[in-house]
Every structure is written in structure tokens, then in C-alpha cells.
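Only one structure is covered here, and it is reproduced in the block below.
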Amino acid sequence: MARHTLVLGAGMVGVSIAWHLRSRGRDVTLIDRREPGRETSYGNAGLIQREAVKPHPFPRDLAELWRVLPNRSIDIRYRTGAMFAEAHPLWQYWRYSAPKSFARIVPEYASLIAHCTAEHEAMFTAAGAEHLIRRDGWLQVFRSEDVFEDELVQAAEFRERFGVTFEQIDAERLRQMEPGLSEHAIGAIHWTNAWSVTDPGGLVQAYADDFVARGGRIEQAEAQAMTPNGQGWHLSTDRGDYAADELVLATGPWSPSWLKTLGYEVPMFVMRGYHMHYEGADGAGLNYGVMDFEKGYLVTPKRAGLRLTTGAELNTIDAPPRFGQLEAAEQAARELLALGQRKEAEPWKGARPCLADMKPIIGAAHRHDNLWFAFGHGHQGFTLGPTTGRLIGELMDGETPLVDMAPFRSDRF
Ligand SMILES: Cc1cc2nc3c(=O)[nH]c(=O)nc-3n(C[C@H](O)[C@H](O)[C@H](O)COP(=O)(O)OP(=O)(O)OC[C@H]3O[C@@H](n4cnc5c(N)ncnc54)[C@H](O)[C@@H]3O)c2cc1C
């Protein structure tokens, strides 16, 4: 009889895992308190970031810290109370961001990123969701020549080392590609082998529908406790209890409380973010996703309108929302492009699940049998869900995984 596997968490990561395990013949139940893809995997910028070979380190040079300290920048803000509450993981994050450690982390991270488009393609082709995908990249837009030149040097290095592809776009060409951009935009890097998604939550739902079409089950329930049960696991929820041979924890930014209960010391914290949809002014839209790099926000064309997503807010997951960062981003965006009216009464808020060394945990839980971890994908969980699904499938079936998994083990801290 097929082994029964419970996957807890139906974001991009959990749905992709459930899809892969079911495709491999396992009997799989996917559990979430909400419908698939309604939390972090719903509200992100929807980029499948083949170019994102370098994770985001903690700012370390004094000029950068000085810039961030007044708490008014658009790309990163913090709440002092949260800095104390998360002092341990943030201290670790600071240490892993030291140049030597970070130089080791980049190729490890890039080894996962390298597979992101191919692994999404396998899933959206099977799920009939190609119509949600755009394969024409996105634009990293610059306001000053010196920053543009520095970033071009790094882009060229990453092309050489990690196979990212890009084109250097001058001001005139940029105006042809995006006629709506103002004169503040002096050039761009067009990341050409990255993709984007017009409805991120819709893509997760399409993957979940295909999982069900393949014989998988989805249950909507709030998990309350997980306990080892003989060789397997027992999961209590508000809608009843589940028993399984194996359990996969894919609860994104909600993973820390489970880890604590199970006795794991994992330095995890969240970087919150917001989004708002806008009309294009006078019906104008964008042809590409646009990042205003020196300000630190993105505007991407979505089914629901132009979606503005903010950078990082270091705060605890449940603290009340603070809309100042989004308001500042909106003001900067109105200088750059023709942003019209807001389309929602209140911004969406989500939380990127981050580990101190900027890499997710993907693999067997080192203190328990038949428990698997897949969380902590930070800024690129939407990109990396399908790759993670494939890797978990290979690991659970005892196959040689697509990439070396040592950098992603749970016992590395
Ligand atoms: C503003 C912003 C922009 C971003 N842009 C991008 C981007 O362009 N590209 C990219 O790759 N990534 C992006 N990200 C990051 C990406 O969204 C996340 O890394 C990713 O969505 C995490 O997926 P996940 O499946 O791990 O978590 P989630 O999508 O949060 O899924 C976790 C699930 O667990 C469920 N859950 C938790 N606890 C319980 C419980 N007790 N019982 C039942 N269910 C439970 C939740 O309901 C949720 O559905 C962005 C993030 C933000 C905030």
C-alpha cells in the first residue's frame, strides 16, 4: 500500500511538494487553514527569479547602516521591539552576512535558483497554467549612472558564473520598451531568463487543482499539534485528527512556533512586505515588471492591476501593519511611472520566511524520523517552490537529488 504523507501548509512550497509526492505515487493529504496560495504565496511580486543567484545580506558597511538607521528608507524598515525580540536570529544573520561567509552562501543559493524556470515549467505545463506565465523577464531600473555601472559589473559576473542572462538597456531603448517611465529612469538591466506570473495566487491554485486531479486530497483545517506516533505522525487540527506515515512541514513564516514545540533551534525570523494594486493612470500600464532599484520597491503588471510590492520590514509576524513604507514607495513610484488610483481599501501584508544564513531548510528533520522540513525560502519562495517539491520527492524516495543538499540540511546551525 502507498505510504500516507501529510503535507502541512499549502503555499507555493507545500503545494509543489504535495504535487511531486503524489506524482511519485504517494497517498498525499495537503492541509491548510486557508485555500491554497492565499498567504505569502498570494501577495508577492510573482517573479520567477532566475537572476536571483545572490540572497539579501544584512547591510554591513557603515554608510549603508547610517542610511537605514533613521528608519525612513523605502527598501528596509524595522521596529525596534522586533529587533530585540528577534535578536538571536538577527545577530546570526549579521554574522552570515560577513563577506567570507556570504561568498560561500552565494553559489549554494545559486545551485537551487538554476532550476527554477525548468521546474515551474514542468508543473505549469502539466497543470495547464501556461497562460499565467510571461517569459520576457523584468527590468531593474536605475536613476543614477554610477549605480547602474556597478550593477552591470555584478550582472556580468553572475552571467559568467551562474548562467543568468541580461541586456543592458540605455535610456532611449528603455523609453521604447516602457513609454510610461519618466526621465528619472536613465537605464535598466533587462533580466531576460527570469519569468513572471500575472496571478501568483492563481498559479498556486492551478498547481493545487492539478494535485487533486492526480488523486491528492486537500483538507482545510488549522493544525494545533503534531506528535510522533509509533513510526509515523499524528496531527491534531480544529477539524479532527490525522495519522500518517510521514509528515512534511511547509508552513513558511509560521514554521518557528512548530520548530520550538518540536525542540529545534533554528535561527528564523520574518521580513514583512506589503502590496497594493493601482489603476494605470489614463489606462496606461506596464509592459514589464519594473524595480526602482535605488528606492527599493517593485511594480509588476498583474491581472488585478499594477501591483506595487515593498521591500523588507523587520517586524514580528503578528504585529499590526504599518503602512508608512508602502506610502513612501508609492510616492517614489509616482515620480517614475503613471500610477493611477489605488484599487483596494487597505494594503495586503505578508511575511517572507527567512533563515539567518539566507538559505531554506529542505530535507529530513535531524531529530525525528519520518519528519521533513521545507521552509525558510525568504525572498524567493515563489521562485523555488517547484524545485523544492522535486528535491523533497527525490530525498524521500532515497534518490540522488538534483543538487547537493548539504547546504540545506536542518542540522547545519
Ligand atoms: C512583498 C513580497 C514580495 C515577494 N516577491 C517575491 C517574488 O517576486 N518572487 C519570489 O520567488 N518570492 C517572492 N516573495 C517571497 C515569497 O512570497 C515567499 O518566499 C513564499 O511565498 C513562501 O512560500 P511558502 O509556501 O513557504 O509560505 P506561504 O505561502 O506563507 O504558505 C504557508 C502556508 O502554511 C499555512 N499554515 C501555517 N500555519 C498553519 C497551521 N497551523 N495550520 C494550517 N495551515 C497553516 C498558511 O495558511 C499558509 O498557506 C515575496 C514576498 C513578499 C512578502
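Of V204, A82, L308, which is farthest on the positive side of the dipole of the chain, counting Cα position, with +1 on Lys and Arg Cβ, -1 on Asp and Glu Cβ, and the Cα centre as origin?
Of the candidates, A82 comes out farthest on the positive side.
Got a sec to turn the phi values of the stretch 301-317 into Karplus ³J(HN,Hα) couplings, 6.51 cos²θ - 1.76 cosθ + 1.60 with θ = phi - 60°, whole Hz, x for Gly and Pro?
x, 10, 3, 7, x, 7, 9, 9, 10, 8, x, 9, 10, 7, 7, 6, 4
Want the number for E160 to V212: 0.36 nm per residue separation, take away the alpha-carbon distance, what's left?
14.6 nm
Loop-only check: which trypsin sites (Lys or Arg not before Pro) in the stretch 283-326 are DSSP coil with at most 14 other Cβ within 10 angstrom?
Listed in order of number, the matching sites are R303.
Once you have the Cα-Cα distance between A118 and R24, take 0.36 nm times their residue separation minus that, and quote the gain in nm to one decimal.
That pair, A118 and R24, stretches by 32.0 nm at full extension.
Could you point to the residue in A156, F124, S182 farthest towards the positive end of the stretch 77-189's charge dipole, with +1 and -1 charges on the Cβ of Lys/Arg and Asp/Glu respectively?
Of A156, F124, S182, it is F124.
Between E149 and N193, how many nm apart are label points set 7 Å from Cα along the C-beta direction?
2.8
Mind scanning K54/K343; K260/K302; K100/K349; K295/K349 and naming the pairs with a C-alpha gap bigger than 29 Å?
Pairs exceeding the cut-off: K54/K343; K260/K302; K100/K349.
Order these peptides, 176-183, 231-238, by their mean beta-carbon neighbour count within 10 angstrom, highest first.
By packing density, highest mean first, the sequence is 231-238, 176-183.
Taking H placed 1.01 Å from N in the peptide plane, check which residues at least 5 places from W138 or on another chain put their amide H under 5 Å from its amide H.
W191, A194
Take the stretch 204-359, drop everything but the C-alpha atoms, weight them equally and run the Debye formula without solvent; then report log10 I(q)/I(0) at 0.11, 0.17, 0.18 Å⁻¹ to two decimals.
The calculated log intensity ratios at q = 0.11, 0.17, 0.18 Å⁻¹ are -0.64, -1.08, -1.13.
Output wanted: per-residue J couplings in Hz (rounded whole) for the stretch 179-192, from phi through Karplus 6.51 cos²θ - 1.76 cosθ + 1.60, θ = phi - 60°, x for Gly and Pro.
Values, residue by residue: x, x, 6, 7, 5, 4, 8, 9, x, 7, 9, 9, 7, 8 Hz.
Quick one: Karplus J couplings for the stretch 129-141, per residue in order, coefficients 6.51, -1.76, 1.60, θ = phi - 60°, nearest Hz, x for Gly and Pro?
Ordered by residue, 3J(HN,Hα) equals 10, 3, 5, 8, 9, 10, 9, 9, x, 8, 10, 9, 9 Hz.
If each residue of separation counts as 0.36 nm, what is the full-extension length gain between A345 and E35 once their alpha-carbon separation is subtracted?
Contour length minus Cα-Cα distance gives 109.4 nm.
Using the Cα centre of the chain as the reference point, and only Cβ charges (+1 on K/R, -1 on D/E), how large is the resulting charge dipole? Debye, rounded to the nearest 20.
For this selection, approximately 700 debye.
Take E183 and E294, extend 7 Å from each Cα along the Cα→Cβ direction, and tell me the distance between the two endpoints in nm.
1.5
Run the dipole for the stretch 184-297 about the Cα centre, Lys and Arg Cβ at +1, Asp and Glu Cβ at -1, nothing else charged, and hand back the magnitude in debye, nearest 20.
It comes to approximately 200 debye.
Read the figures in this text as sums done on the coordinates, not as results from a lab. Because the structure is a prediction, the values reported are computed rather than measured. Every residue, glycine as well, gets a Cβ built from its backbone with ideal geometry; the counts of neighbours run over all protein chains shown.
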